[in-house]
Structures are given as C-alpha cells and as structure tokens.
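Participant: My structure is below; once you've seen it, I'll send some questions.
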C-alpha cells in the first residue's frame, strides 16, 4: 500500500492530536529496524507485513474518533480490533507459511483493518462463484468503468451520493446498457486538495461476447450517457477500458487486477487521517449509505449483506493448507508499531 507523504500530512490537525498521530503513524519500521529482535509477524511471514500497516492506521483513526463524543463508541471498538492474531503454521523447510485462524474484528465501517479484510472477503467470494457463471456464459468480456462527478463540499456529500445512485438506476435502464449481462458497482470517496470530496463509482461490467462488434459504446458516448443520467450541465470525467492482460499476463490475471481495483477500500486510510474534521464529517455523511451493489448475472455474487467475524478471518478457502490445530499467536505492540510473538497466547 502506498504510504502517505510526510510534507503537510497533518496540517489540519490540532497541535496536540496532530503531533500524537504523526509520531504514531511514522513510527512503523521495516524489518531491519529490529535487527536484535526478529519476533515480529513480518519477520515470520513477510506477506503478512500489511497487518502492521493497517493496525497502525487503525490506531490513528481511533484517536480521531476519540475527539468526537458521538463517535467514542467507534473509538472503543477500534481499540479492541485485532489485538491478538492466531495463525495456523505450515512449515516447508526453513520457511513458515501462516494462515489466520483467530482474530476479533470491530467491523466499524471505516476501520482500516476491517475495510482491508472486507475487500479480501469480497474478492474471495467473487472468485469462488465465478467459475459457475463463466461455465454458463462462455466467451464473456469484461469492462472496467469509472464514473465521476465534480467535487462537492464535504457537507454536501450525502446528497451528491444519493444523486449518483439515482443516476445509476437511470443508466442501467437505458437501451445502451442492455449488452451488460452483469455488474458490480462500488463507491469510493477521496479527499480533494482543497478539502472537498470526490465521490466516484468503480464498476466491473460483464458484457456479451458480441459487445465489441455489435454493441460497442465509445468513451464519448459513455460521457453523454452519464451526463444525461446525472442531469448535470457539464461533461463528467469517465474512464472505460476493456479488461485484458498486459504483456505477459493472461486474461485471468487481468480480471484479478480489475476485481481488486473495483473491490478496494471505500476511503483511503491516508485521507481518513490527514484531516480530522473532513473525516468526521464524512463519517456522518455516509452513515447507512450502501457503497456496494450488484445486478444481472452477478447479482448477490458477493453476498454483500452477509458479514460475520469469521467471514473476515476466512477471506479465502485454502483447503491445501495442512492444519494440526496448533496456533501461533502475535499481539499488537503499539510502542513498536508492529505485531510480535505472543507465546503466552499460543495454542499447542
């Protein structure tokens, strides 16, 4: 995950809060930062280094929520999120392969850890269901479509998102949309440099095999369609591209990239913690708004309304992983900004 730039990163915080979060956020070290102590989770399993990154971000989000009485409950829940992780271990030679088996997630909407795990869960569900869809609809093509509107004031975000949702309903009823056999639509909101909000839709479209020969829609036509559906006096920016492999990639790898982009975070963690007031207002504005939807042949493929603590643990089904029921534990050390071995929590 791209790390935020240090320059000006905390200019919007109060002096005390900003200092505390900045010290916390940039305290995270690489594996080499603990050469005398190789007991970190990232030392055991480099692929799991993202736990340190997301937990550190979650600590910063927690501190922001602590400043607002109406969100103190969120802060409390995030503080207890993923404090201890227990993994099954499969050893191949000197290399340890870890698979998460136990953790307690807070499931707060904007918790960076839960947002990350939710994305992995949705991706796993998509890939699990996809073979049956493709078996029934061979030679299908895929498009990745991004629909935007002009930036709005953060205080107007809710109304803007509601207008976009209505526009989407108009779009999928248009004749031009008929070649789309199925779709997944997610919402992302980023922070503008001027403190505005930039809401946009990421859409994965499953289109007929004949789409590029008989039903092709040019980018300029997509712009016209979206402008008409949004009922705005300007031409909005959109991006549409065919999902196809880059050099050296096959179609499955290309689809994997498109799915990852579609089902990523709803709000970048760096946007959450770069401007306290912006983030608190965003939390209010998007309360109970749906940020993911699906339709056509992909309807409910993600089971987006189903989410349990176990779902966030078992984001993929790897039946090849041998499990002798022993568990290796790691707990969060805030003073070191990393997960490290917690032998007292092991299960043997």
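Participant: So, in region 256-277, how many residues would count as being touching a strand residue (DSSP E or B) at 6+ places or on another chain (Cβ under 6 Å) and part of a helix (DSSP H, G or I)?
Facilitator: 3
Participant: Name the single residue, out of those in region 287-297 being part of a loop (DSSP other than H, G, I, E, B) and in contact with a helix residue (DSSP H, G or I) (Cβ under 7 Å, 6 or more places away or on another chain), that is modelled with the highest pLDDT.
Facilitator: Ranking the qualifying residues of region 287-297, first place goes to 289.
Results for (1) on the phi < 0 side of the Ramachandran plot; (2) surrounded by 19 or more Cβ atoms within 10 Å (Cβ to Cβ); (3) within 21 Å of the chain's Cα centre (by Cα), shown as yes or no for each residue.
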| site | (1), (2), (3) |
| --- | --- |
| 240 | yes, no, yes |
| 248 | no, no, no |
| 285 | yes, yes, yes |
| 303 | no, no, yes |
| 307 | yes, no, yes |
| 323 | yes, no, no |
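Participant: A further question follows. Would you tally the residues in region 79-97 being touching a helix residue (DSSP H, G or I) at 6+ places or on another chain (Cβ under 6 Å) and within 18 Å of residue 338 (Cα to Cα)?
Facilitator: 4
Participant: Any idea which of 176, 167 is crowded, with 16+ Cβ neighbours inside 10 Å, over 21 Å from the mean Cα position of the chain (by Cα), modelled with pLDDT of 95 or more and under 26 Å from residue 297 (Cα atoms)?
Facilitator: Residue meeting the stated conditions: 167.
Participant: Select from region 330-340 the residues that are in contact with a strand residue (DSSP E or B) (Cβ under 7 Å, 6 or more places away or on another chain) and surrounded by fewer than 19 Cβ atoms within 10 Å (Cβ to Cβ) and write down the one among them that is nearest to residue 59 (Cα to Cα).
Facilitator: 333
The values are calculated or read from the model by the stated rules, or taken from the named source; none is laboratory data. Source: prediction; values computed, not measured. Here Cβ is always computed from backbone atoms with ideal geometry, including for glycine, and neighbour counts include all displayed protein chains.
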